[in-house]
Amino acid sequence: MIEQIVRGPLVAPLEDGTVAWHADGSVAFDERGILLFAGSWETLRSQLPADSPPTRISEGVILPPLLDLHTHIPQHPIRGAFAEGVSDDAPGGRLLNALKRNVFPAEVRCNAPDYARAVIESFAADVLANGIIGGAAFMTVSAAATEMALEILPATWSVGLVLMNRNCPPDLRTDEMNLEADVARIAGRFGRRLIVTDRFAVATKTPLRRAGCRLAARFGLRTQTHLNEQMAEKLLIERELYPEASSYTDVYRRDGLLDHQAILAHCIHMNPDEWQMLVSSGAAIAHCPTSNLLLGSGLMQLDRVLQHKIPFAIATDMAASPTVSMLAEMKRFVQVHSGASVRATPSEALWRATLAPARILGLDEQVGLLKAGRPASFIEVEPAVPGPGRSVDDMIRALLPEDIDNPRPTVVRVTLAGKTAFERSVRRA
């Protein structure tokens with residue numbers, strides 16, 4: 001029995017990497033919150049029984065919920081101020097100096113349970129209001145704060161307990177004595193939603209990284225870290241901290257981090273051998289174009305990623321990005337790759353913000369596709385799309401914000417398994 005029908009423009013990523021759209025689309029779902037139909041309104045209308053419920057007209061465009069494959073929960077209070085007070089030519093690079101000046105102090109504050117809870121709840125509300133219902137996030141070295149984040153966030157979010165034991169403040173170092181017990185407890189409650197998270201090779205020594213990887217193997221967990229974000233970082237790792245390794249990526253390979261379906265953020269300054277290590281390991285890339293641009297890190301070689309068929313999704317890397325908005329990140333993705341040999345389209349951006357991260361996270365039976373038999377989870381985004389005859393890329397482009405750094409709210413409703421999880425009144429002209 002149909003419980004609800006929603007009619008409006010509809011954009012639907014498909015399993016083959018393309019995107020379908022219906023200027024006059026619709027979704028219908030039953031009382032269990034399972035999709036019965038997603039597609040053309042005319043097709044659905046011809047099949048409706050006489051006792052169908054009234055149709056709700058959407059105030060936006062219907063599309064799958066968004067996912068963010070790489071973000072930092074404790075940095076939510078400093079979004080947009082990640083590198084505040086750090087000059088472009090700071091010795092050691094903007095990234096390492098911003099961590100010391102702004103990021104680590106923000107993360108230390110999350111050692112206090114009440115503060116951590118407030119930050120997590122603010123993050124959870126912000127991402128939901130932007131149509132983001134899951135992804136992979138870093139928390140801190142605090143097991144209590146990581147467990148709290150997993151309790152508060154929906155089950156579509158995975159969260160990392162961070163490993164760090166050098167080049168960071170003393171109160172941001174991993175409790176190595178209790179690490180095994182902490183991981184066992186949290187993994188016992190949340191399973192693979194817990195991610196073993198190496199901050200990056202600058203901040204984590206090999207013995208701790210290897211201990212974390214052994215725990216990932218023992219409890220069936222995946223790993224995540226940062227890789228080849230800035231050249232100064234790469235040179236520090238390869239020339240000073242790990243001169244015996246053949247490359248930055250080789251540090252992670254030899255220590256076992258690549259053996260656990262790793263999510264690797266950035267991957268900008270890669271050599272041919274490093275690309276091959278990623279291919280051999282089956283790792284996925286979290287591509288963060290806004291962060292890469294604003295921190296002056298460089299441009300990820302999209303052509304190499306596609307050539308090697310490495311799974312990737314776009315991600316915010318908030319707070320290096322000033323906003324949690326994945327719609328803004330989609331627009332930046334299209335912008336930064338507009339003049340490259342492989343140009344990113346709005347359709348590709350949508351696919352890499354929905355179905356691609358769902359597949360990487362193992363959530364593709366729940367989200368990413370608007371398909372009969374799947375949970376009725378979708379978002380509605382204003383403004384209305386261009387008229388009939390326009391391309392799918394025109395349709396998606398109309399949804400992307402004009403101001404990428406300070407996008408106005410445009411998600412008007414989030415529906416999860418048939419239930420309204422968020423609703424906002426549409427702004428009228």
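None of the figures in this text is laboratory data; all of them are computed from the coordinates on show. Remember, it's a predicted structure, so these values are computed and weren't measured experimentally. FYI the Cβ positions are ideal-geometry reconstructions off the backbone, even for glycines, and counts take in every protein chain you see.
The count of lysine pairs in the chain that are at least 8 places apart or cross chains, and whose C-alpha atoms lie under 26 Å apart, stands at 8. For the stretch 66-361, with the dipole built from +1 on Lys and Arg beta-carbon atoms and -1 on Asp and Glu ones, taken about the Cα centre, which of 305, 235, 128 lies farthest toward the positive end? Of the listed residues, the answer is 305. Our estimate of slack between residue 342 and residue 235, defined as 0.36 nm per intervening residue step minus the Cα-Cα distance, is 35.7 nm. By DSSP, the beta bridges lying fully in the chain are antiparallel in about 45 percent of cases. Helix 143-152 and the longest principal axis of the C-alpha atoms of the chain enclose an angle of approximately 0°. Between residue 121 and residue 166, the modelled label-to-label distance comes to 4.0 nm, taking each label 7 Å out from Cα in the direction of the beta carbon.
Here the stretch 178-228 is described by how far its Cα atoms reach on the three principal axes: 32, 19, 14 Å, from widest to narrowest. With K and R counted +1 and D and E -1, the other residues having a Cβ less than 13 Å from that of residue 326 yield a net charge of -1. Residue exposure proxy: 267, 213, 288, ordered by other Cβ atoms within 10 angstrom of their Cβ from fewest to most, comes out as 213, 267, 288.
Taking the longest Cα principal axis of the chain as reference, the axis of helix 206-219 is set at about 40 degrees. Considering helices alone, the calculated mean residue ellipticity of the chain at 222 nm is -8500 deg cm²/dmol, with DSSP H runs of length four and up weighted by -39500 (n - 2.57) and normalised per residue.
Counting Lys and Arg as +1 and Asp and Glu as -1 over every other residue whose Cβ lies under 14 Å from the Cβ of residue 268, the net charge comes to -2. How large, in Å, is the stretch 138-224 by the Kirkwood hydrodynamic radius built from its alpha-carbon pairs? Taking the inverse mean of 1/r over all distinct Cα pairs, the stretch 138-224 comes out at 12.6 Å. Based on Cα contacts under 8 Å between residues 6+ apart, the stretch 50-140 shows a relative contact order of 46 percent.
What is the dipole size for the chain, taken about its Cα centre, with +1 at each Lys and Arg Cβ and -1 at each Asp and Glu Cβ, in debye to the nearest 20?
280 debye
Charged neighbours of residue 376, selected by a Cβ distance under 15 Å, balance to +2 (K, R count +1; D, E count -1).
With 10 Å bins beginning at zero, the pair-distance distribution over Cα atoms of the stretch 59-133 amounts to 17, 38, 28, 14, 3, 0 %. What is the diffusion coefficient of the stretch 1-94 in µm²/s, taking the Kirkwood radius over Cα pairs and the Stokes-Einstein relation at 25 °C with a viscosity of 0.890 mPa s? D = 146 µm²/s.
Entry note, the chain: relative contact order of 20 percent, from Cα contacts under 8 Å with a spacing of 6+ residues.
Each 5 Å bin, from zero up to the one with the longest distance, holds this percent of the alpha carbon pairs of the stretch 66-361: 1, 6, 13, 18, 21, 19, 14, 7, 2, 0, 0.
Take every Cα pair under 8 Å whose residues are at least 6 apart in sequence, average their separation, divide by the length of the stretch 254-330, and the relative contact order is 30 percent.
Viscosity 1.306 mPa s, temperature 10 °C: Stokes-Einstein D of the stretch 239-326 from its Kirkwood Cα radius, in µm² per second? Rounded to a whole number, D works out at 115 µm²/s.
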